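Below you'll find the structure, written out as structure tokens, and then a few comments.
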Amino acid sequence: MNYFEKLKWAVNLEREEEKKAAIDEIRRLSGEKREKLGRAVLNMRGSYQGRDLGGFYVVKFGRSKPIDTEIDVGDVVLISKGNPLRSDLTGTVVSKTSRSISVALNDPPPKWVLSRWVRIDLFFNDITFKRMERAIEIVESSENASWIRDAVLGKFEARIEKTEIDFSDTELNEFQRDAVLKALGSRIFLVHGPPGTGKTRTLTETIVQLVRLGKRVAVSADSNSAVDNLLEMLINKGVKALRIGHPARVEKKLLEHILSYVVQSTKDYKKVEKLRREAQKSMEERDRFIKPSPRYRRGMSDEEILNIAKTGRSFRGVPSRVVSSMARWIEVNRKVSRLLDSARELEKVIVKSVLSKSRVVVGTNSSFGMDYMEGEKFDVLVHDEATQSTEPSSYIPLVLSKSLIMAGDHKQLPPTVLSLKAESILSKTLFERLIDRYPDLSEILRMQYRMNEKIMKFSSEKFYSGKLIAHESVRNRTLSMLGIRCPLTTALSKALDPSSPLALIDTSNNPRKWERKRKGSTSRENILEAEIVKELVESLILMGVEKNDIGVITPYDDQVDVLKGLLPEDIKTSTVDAFQGREKEVIVISFVRSNTEGDLGFLEDLRRLNVSITRAKSKLIVVGDFETLSKNPVYRDLKSYIEKNGKVLYV
């Protein structure tokens with residue numbers, strides 16, 4: 001297999017693994033258990049809400065019992081009336097409340113959805129995998145994509161032309177300015193943005209300058225939240241940008257910039273609405289006649305029914321009045337089809353017209369593979385969150401572009417890959433591959449604006465060759481500077497000292513320190529650490545720290561579950577992976593692992609450690625068994641670093 005065949009093979013493996021994981025869990029767990037895990041909602045009744053901005057059919061599913069679920073806006077869900085695996089009705093969540101979930105469907109909802117109790121399951125989405133496969137094929141064989149092929153295979157000529165501009169954002173630091181200038185002078189450029197260094201702000205300035213130069217720009221990221229963040233920054237800079245993708249996945253305050261909203265605001269769209277109204281009236285007329293189902297057809301084709309109806313005869317035991325009614329159903333249904341086809345064709349023309357006039361188009365990687373994007377061409381792709389995208393995912397918007405600017409940090413966590421066989425191929429991103437091959441086509445942003453210098457320094461030395469600099473506005477940031485005092489007298493007072501940005505609580509001498517594993521689970525939990533975290537969080541709140549300023553991070557799902565049962569609901573508690581890209585004034589980390597074998601599991605991936613310790617602005621508290629953790633020298637070094645620069649407490 002050549003390189004691109006390997007990529008296609010890996011994408012297919014990941015597709016099958018993701019689908020298998022979704023189906024296996026539905027098959028293995030009861031609906032009640034899936035609901036408890038947050039991946040299903042039972043006993044819902046649907047009510048039709050009409051059509052939304054994208055022309056989708058919206059059904060609101062509700063019940064009197066409150067809903068506590070991980071299913072969120074933008075997720076693909078499977079709707080069923082009994083066994084989910086016997087249903088093929090899927091839709092996209094457009095909104096949710098404490099007692100309802102609204103879902104957009106491609107087609108009018110079947111009657112059973114509106115008349116029975118139904119179940120909704122979080123489900124697998126195959127569309128992105130198909131788009132990745134198509135993009136790989138283009139990179140592999142298209143002449144227009146030869147520059148991408150050369151870059152991936154190490155045959156690209158690295159060159160940066162000198163550029164001079166008037167900066168729109170005059171407060172960029174020297175490293176950000178250098179990155180913008182080099183990006184504008186290169187066909188491929190990589191902005192390496194460690195935590196808190198303002199890579200999105202740097203990208204925004206780059207896009208502003210590209211627009212000034214008359215370039216047509218595609219702007220993409222792996223997640224909808226990152227896309228919306230970029231879009232908002234561009235709008236604030238006066239850049240007119242068009243957001244593509246499903247309206248359900250876009251923040252409400254940005255709706256007027258969505259393609260479907262702009263399309264429906266055009267004069268010509270009134271003709272589309274008129275055609276659809278006529279189609280709806282014709283549907284109502286059609287439904288007064290007998291539908292030619294197998295029960296009445298008796299093997300007759302549509303043309304035979306129409307011809308027999310003209311004779312006024314019965315046929316194969318079907319009365320003439322039934323034949324005549326079926327003929328009318330077919331005639332009116334053909335009219336419905338013509339009207340809807342005309343509406344769709346006119347809508348396509350309007351969509352293409354809106355797109356052709358848009359100089360900046362913003363969306364997720366996958367949304368650039370939508371049908372209406374076929375044939376669109378861009379001078380530059382600006383790709384944020386590039387180290388969160390698998391290489392094939394990055395190809396989807398890239399094949400529409402003539403040059404590439406990427407931003408990311410390959411020293412943080414890579415994209416999640418479920419397939420063990422595909423992981424070695426898909427976990428290395430295009431950003432990482434290119435920065436390894438062409439280090440001269442990159443610039444590291446060195447000035448960080450998030451965290452106290454002492455919190456930053458360990459990460460800087462271990463992951464960024466000591467290059468990071470704390471901006472003066474955050475260099476000495478502590479809870480004391482925010483007015484927090486420590487009047488508490490508890491066993492953990494030393495760790496809570498608001499004047500110290502770093503604290504470590506070592507459980508290695510405690511007989512209750514051991515991790516444990518739930519029956520049937522592959523995850524881990526640690527009750528002692530959870531109790532310590534609970535006391536820390538409660539003490540921080542009593543000291544005056546706002547709940548919204550506290551974050552709790554742990555590598556393991558089961559520990560998240562334990563902690564959520566102990567902590568207030570409004571304390572952000574999640575896995576390391578889910579916390580990437582976020583920040584809080586105070587971060588408390590529970591490392592969980594404590595065993596006689598010194599087994600650290602996936603804590604051995606030190607990028608997970610880097611993400612964990614760089615989320616805090618003013619205070620970082622780490623909790624763990626450092627006898628176990630110190631089997632890895634970097635964790636041993638972390639303890640030594642905090643001993644010198646913070647507070648260490650043994651429990």
With a 10 Å radius around each residue's Cβ, average the other Cβ atoms per peptide and rank 214-220, 86-92, 386-392, highest first.
386-392, 214-220, 86-92
Using modelled backbone amide H atoms (1.01 Å from N, in-plane), which distant-in-sequence or interchain residues come within less than 5 Å of Phe378's amide H?
Ser401, Lys402
Projected area of region 222-367, taken from the Cα convex hull and averaged over every viewing direction, in nm²?
11.9
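Ignoring everything except DSSP H segments at least 4 long, calculate the 222 nm mean residue ellipticity for the chain; use -39,500 (n - 2.57) per segment, divide by total residues, nearest 500. List each step's numbers first, then the result.
Values: 24 runs with 267 residues, N = 651.
Here the helix-only value at 222 nm equals -12500 deg cm²/dmol.
First check a/c for region 79-187, with a ≥ b ≥ c the square roots of the eigenvalues of its C-alpha gyration tensor; if it is under 1.5, answer rounded, and if not, answer prolate when a/b is larger than b/c or oblate otherwise. Kindly include the intermediate steps, with their values, before the conclusion.
Working: a/c = 4.68, a/b = 2.04, b/c = 2.30.
Oblate, since a/c reaches 1.5 and b/c is not below a/b.
Using a 1.4 Å probe, what is the accessible area per residue for region 47-205, in Å²? Walk me through the numbers on the way to the answer.
On the way: 7820 Å² over 159 residues.
Computed with neighbouring chains in place, this is 49 Å² per residue.
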So, relative contact order of region 141-193 in percent, Cα under 8 Å, 6 or more apart, is 35
Using square roots of five times the C-alpha gyration tensor eigenvalues, list the equivalent-ellipsoid semi-axes of region 147-270 in whole Å, biggest first.
29, 18, 15
Based on the alpha-carbon gyration tensor of region 427-577 and its eigenvalue square roots a ≥ b ≥ c, which shape applies: rounded if a/c is under 1.5, prolate if not and a/b is larger than b/c, or oblate?
oblate
With only alpha-carbon pairs counted, each pair once and no self-pairs, how large is the Kirkwood hydrodynamic radius of region 353-503 in angstroms?
19.1
Determine the share of region 240-380's accessible area contributed by carbon and sulfur atoms, expressed in whole percent, with a 1.4 angstrom probe.
50
Please pull out the direction-averaged projected area of region 1-80, using the convex hull of its alpha-carbon atoms, in nm² to one decimal place.
7.9
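Between the DSSP loop rule and a limit of at most 15 other Cβ atoms within 10 Å, which trypsin sites (Lys or Arg not before Pro) in region 447-499 are left? Numbers along the way, then the final one.
Values: sites: Arg450, Lys454, Lys457, Lys462, Lys467, Arg475, Arg477, Arg485, Lys494; in loops: Arg450, Lys467, Arg475, Arg477, Arg485.
Counting only loop positions with at most 15 other Cβ atoms within 10 Å, the trypsin sites (Lys or Arg not before Pro) in region 447-499 are Lys467, Arg475, Arg485.
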For region 131-142, in order, what is each residue's ³J(HN,Hα) by Karplus, 6.51 cos²θ - 1.76 cosθ + 1.60 with θ = phi - 60°, in whole Hz (x at glycine and Pro)?
5, 5, 4, 4, 5, 4, 4, 5, 4, 5, 10, 6
Roughly how tilted is helix 453-463, in degrees to the nearest 10 and between 0 and 90, from the longest Cα axis of the chain?
70
I'd like the distance separating the alpha-carbon centroids of region 513-591 and region 386-421, in whole Å.
29
Write down, largest first, the equivalent ellipsoid semi-axes of region 571-611 in whole Å, where each equals the square root of 5 times an eigenvalue of the alpha-carbon gyration tensor.
22, 12, 8
In the structure displayed, which of Lys517/Lys584; Lys130/Lys270; Lys199/Lys411; Lys111/Lys271 lie more than 25 Å apart, Cα to Cα?
Lys517/Lys584; Lys130/Lys270; Lys111/Lys271
Net charge around Lys617, counting only other residues with Cβ within less than 14 Å of its Cβ (Lys, Arg = +1; Asp, Glu = -1)?
+4
Working with all protein chains in place, sort Lys564, Lys428 by solvent-accessible area computed with a 1.4 Å probe, largest first.
Lys564, Lys428
With axes computed from alpha carbons, what is the tilt in degrees of helix 3-28 against the longest principal axis of the chain, rounded to the nearest 10 within 0 to 90?
80
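Looking at region 350-400, which GluC sites (Glu not before Pro) are DSSP coil and have at most 11 other C-beta atoms within 10 Å of their C-beta? Don't jump to the answer; show the numbers that get you there.
Numbers: sites: Glu374, Glu376, Glu385; in loops: Glu374, Glu376, Glu385.
Passing both the DSSP loop test and the Cβ count: Glu374.
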Take the Cα coordinates of region 574-651, assign each an equal point scatterer, and use the Debye formula without solvent to give log10 I(q)/I(0) at q = 0.19 Å⁻¹.
-0.84
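Could you order the peptides 27-37, 192-202, 577-587 from most to least packed, using the average number of other C-beta atoms within 10 Å per residue? Show your work: numbers first, answer last.
On the way: 27-37: 14.0, 192-202: 23.1, 577-587: 19.1.
Descending mean neighbour count gives 192-202, 577-587, 27-37.
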With a 1.4 Å probe and all protein chains left in place, how much of the accessible area of region 382-484 comes from carbon and sulfur atoms, in whole percent?
44
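How big, in percent, is the set of alpha carbon pairs in the chain lying more than 41 Å apart?
Numbers: 79509 of 211575 pairs.
Taking all Cα-Cα pairs of the chain, the fraction more than 41 Å apart is 38 percent.
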How many Å² of accessible area per residue for region 560-651, probe 1.4 Å?
37
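Pairs Lys619/Lys639; Lys215/Lys402; Lys19/Lys572; Lys267/Lys357: which are spaced more than 22 Å apart, C-alpha to C-alpha? If you can, show how the numbers build up before the last one.
On the way: Lys619/Lys639 16 Å; Lys215/Lys402 11 Å; Lys19/Lys572 30 Å; Lys267/Lys357 16 Å.
Going by Cα-Cα distance, Lys19/Lys572 fall outside the 22 Å limit.
What is the local net charge at Pro414, summed over the other residues whose Cβ is closer than 12 Å to its Cβ (Lys, Arg +1; Asp, Glu -1)? Each step should come with its number before you reach the end.
Working: positive: Lys411, Lys428, Arg433, Arg607, Arg608; negative: Asp222, Glu385, Glu391, Asp409, Glu423, Glu432, Asp577, Asp605.
It works out to a net charge of -3.
The values are calculated or read from the model by the stated rules, or taken from the named source; none is laboratory data. Model, not experiment: these values are computed from the prediction. Note that each Cβ is placed from the backbone with ideal geometry, even for glycine, and that neighbours are counted across all protein chains shown. Remember, those area values only see protein heavy atoms, side chains included, never the ligands or the DNA or RNA. Shrake-Rupley method; radii C 1.70, N 1.55, O 1.52, S 1.80 Å.
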